Amino acid sequence: MRQKVLSIIVIVSLLLGGCMFSAPSAEKVLKKMEDAPGYSSEARMAVKNNRSVFYYNLKQYYKKPDKFRIEFYDDNLVMKQIMIYNNGQCGIFHVGIDKPFKSDTFAGTKEHNSFLSAFLENYRNAPDAKWTVEEKDGRDYYVFQCSVAGNNPYFKKALLYVNPKNAQPLLLNVFAEDDSKTLEVEYKTFLYGTETDDSLFDIEEQKFS
């Protein structure tokens, strides 16, 4: 009888743990993310400063090696701002204004740090990069952790929660040097390898009215 009970416990344990055991390894999940030629996503971003928390509805587009586009929407899903980074230049467009504000600064900003590709670059180069498994909302996720490059005291460490079965990110958290959370990106949808029109990243041809 005792042996039968122990056998049942072993079987139940294997069934409960089977989902994680059958998932691709963390290394394979990481490789899938790094090898993707591009992606698009919809997300909700929270940014915290010393006094307040600001929320943004986002659509992101990325294409290798260094083309970024991020669109900002209000709660009624009306687009309010577009930011494009391409060929070493950043263009910021506001509603009703065709000509963008141009800058050569993008790396290290909150917008740049909200992209999966920015996290992967930090993870690839960080000597302290590591991963663990953590349960969230009843599911197991790979959690990739690393330091963030640059001298910004508000962006010093990042954690990325990834679905082990499809390599889709769920949540990205960035912390300040005092370990307080300063940036959170909750991905609503995420599609790898989408055929993104290069015109989306063309600063000179972009119109926003």
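When residues of segment 156-209 are filtered for being farther than 24 Å from Asn87 by Cβ and aromatic (Phe, Trp, Tyr), how many remain?
Total meeting the criteria: 4.
Could you pull out the residue among Phe119, Phe115 that is under 14 Å from Ala158 (Cα atoms), in contact with a Cys (Cβ under 8 Å, 6 or more places away or on another chain), aromatic (Phe, Trp, Tyr) and touching a residue at least 40 places away in the same chain (Cβ under 8 Å)? Even if it seems obvious, please write down each step before you answer.
Details: Phe115 fails: in contact with a Cys (Cβ under 8 Å, 6 or more places away or on another chain).
It is Phe119.
Out of Phe54, Phe106, report the one residue that is exposed (fewer than 11 other Cβ atoms within 10 Å of the Cβ) and aromatic (Phe, Trp, Tyr).
Numbers: Phe106 fails: exposed (fewer than 11 other Cβ atoms within 10 Å of the Cβ).
Answer to the check: Phe54.
Six or more apart or on different chains, Cβ atoms under 7 Å: show the pairs whose first residue is in segment 53-79 and within 16 Å of Leu191 (Cβ to Cβ) and whose second is among the aliphatic types (A, V, I, L, M) and not in a strand (DSSP E or B).
Hits for this filter: Tyr61/Leu200; Arg69/Leu200.
Output the qualifying pairs, or none if there are none: Cβ atoms under 9 angstrom, residues six or more apart or on different chains, first residue in segment 183-209 and surrounded by 10 or more Cβ atoms within 10 Å (Cβ to Cβ), second residue of a type in the set (Asp, Glu) and in a strand (DSSP E or B).
Close Cβ pairs (under 9 Å, with a partner that is of a type in the set (Asp, Glu) and in a strand (DSSP E or B)) amount to Tyr187/Glu42; Lys188/Glu42; Thr189/Glu42; Phe190/Glu42.
Out of everything in segment 100-112 that is part of a loop (DSSP other than H, G, I, E, B) and without any contact (Cβ under 8 Å) to a residue 60 or more places away in the chain, what residue ends up being farthest from Pro24 (Cα to Cα)?
Initial filter on segment 100-112 (part of a loop (DSSP other than H, G, I, E, B)): 100, 104-109.
With the extra rule that they be without any contact (Cβ under 8 Å) to a residue 60 or more places away in the chain, the set shrinks to 104-109.
Working: Asp104: 39, Thr105: 37, Phe106: 33, Ala107: 31, Gly108: 31, Thr109: 32 Å.
Per the criteria, the residue is Asp104.
Against the definition (under 30 Å from Asp98 (Cα atoms), outside any loop (DSSP other than H, G, I, E, B), modelled with pLDDT under 95 and not basic (Lys, Arg)), how does Leu200 come out, yes or no?
Working: under 30 Å from Asp98 (Cα atoms): yes; outside any loop (DSSP other than H, G, I, E, B): yes; modelled with pLDDT under 95: yes; not basic (Lys, Arg): yes.
So Leu200 fits the description; yes.
Tell me whether segment 38-48 contains one or more residues that are out of contact with any Ser or Thr (no Cβ under 6 Å at 6 or more places or on another chain) and at pLDDT below 95.
Checked segment 38-48: no residue is out of contact with any Ser or Thr (no Cβ under 6 Å at 6 or more places or on another chain) and at pLDDT below 95.
From the list Ala149, Ala158, Ala167, which one is among the aliphatic types (A, V, I, L, M), under 13 Å from the mean Cα position of the chain (by Cα) and either over 17 Å from Val29 (Cβ atoms) or assigned to a strand (DSSP E or B) (or both)?
That would be Ala158, the only listed residue that is among the aliphatic types (A, V, I, L, M), under 13 Å from the mean Cα position of the chain (by Cα) and either over 17 Å from Val29 (Cβ atoms) or assigned to a strand (DSSP E or B) (or both).
Is it true that Glu27 is of a type in the set (Asp, Glu), modelled with pLDDT of 95 or more and within 18 Å of Thr194 (Cα to Cα)?
Details: of a type in the set (Asp, Glu): yes; modelled with pLDDT of 95 or more: yes; within 18 Å of Thr194 (Cα to Cα): no.
Judged against the criteria, Glu27 is not a match.
Step by step: first the residues of segment 128-142, then only those that are out of contact with any Cys (no Cβ under 9 Å at 6 or more places or on another chain) and assigned to a loop (DSSP other than H, G, I, E, B), then the one that is modelled with the lowest pLDDT. Which residue is that?
Kept after step one, since they are out of contact with any Cys (no Cβ under 9 Å at 6 or more places or on another chain), are these residues of segment 128-142: 131-138, 141-142.
Right, trim to assigned to a loop (DSSP other than H, G, I, E, B) and you get 137-138.
Numbers: Asp137: 90, Gly138: 93.
Within segment 128-142, the match that is modelled with the lowest pLDDT is Asp137.
Scan segment 140-177 residue by residue and report those that are among the basic types (Lys, Arg) and without any contact (Cβ under 8 Å) to a residue 24 or more places away in the chain.
Once the filter is applied, which keeps residues that are among the basic types (Lys, Arg) and without any contact (Cβ under 8 Å) to a residue 24 or more places away in the chain, segment 140-177 yields Lys156, Lys157.
Any residue that is farther than 27 Å from Thr105 by Cα, surrounded by 11 or more Cβ atoms within 10 Å (Cβ to Cβ) and at pLDDT 95 or above - is there at least one of those in segment 149-158? Before the answer, list the steps.
Looking only at segment 149-158, we keep the residues that are farther than 27 Å from Thr105 by Cα, and these are none.
No, there is no match, as no residue in segment 149-158 is farther than 27 Å from Thr105 by Cα, surrounded by 11 or more Cβ atoms within 10 Å (Cβ to Cβ) and at pLDDT 95 or above.
The values are calculated or read from the model by the stated rules, or taken from the named source; none is laboratory data. Worth saying up front: this structure is predicted, and the values here are computed from it rather than measured. No Cβ is skipped: glycine too gets one built from the backbone with ideal geometry, and neighbour counts run over all protein chains shown.
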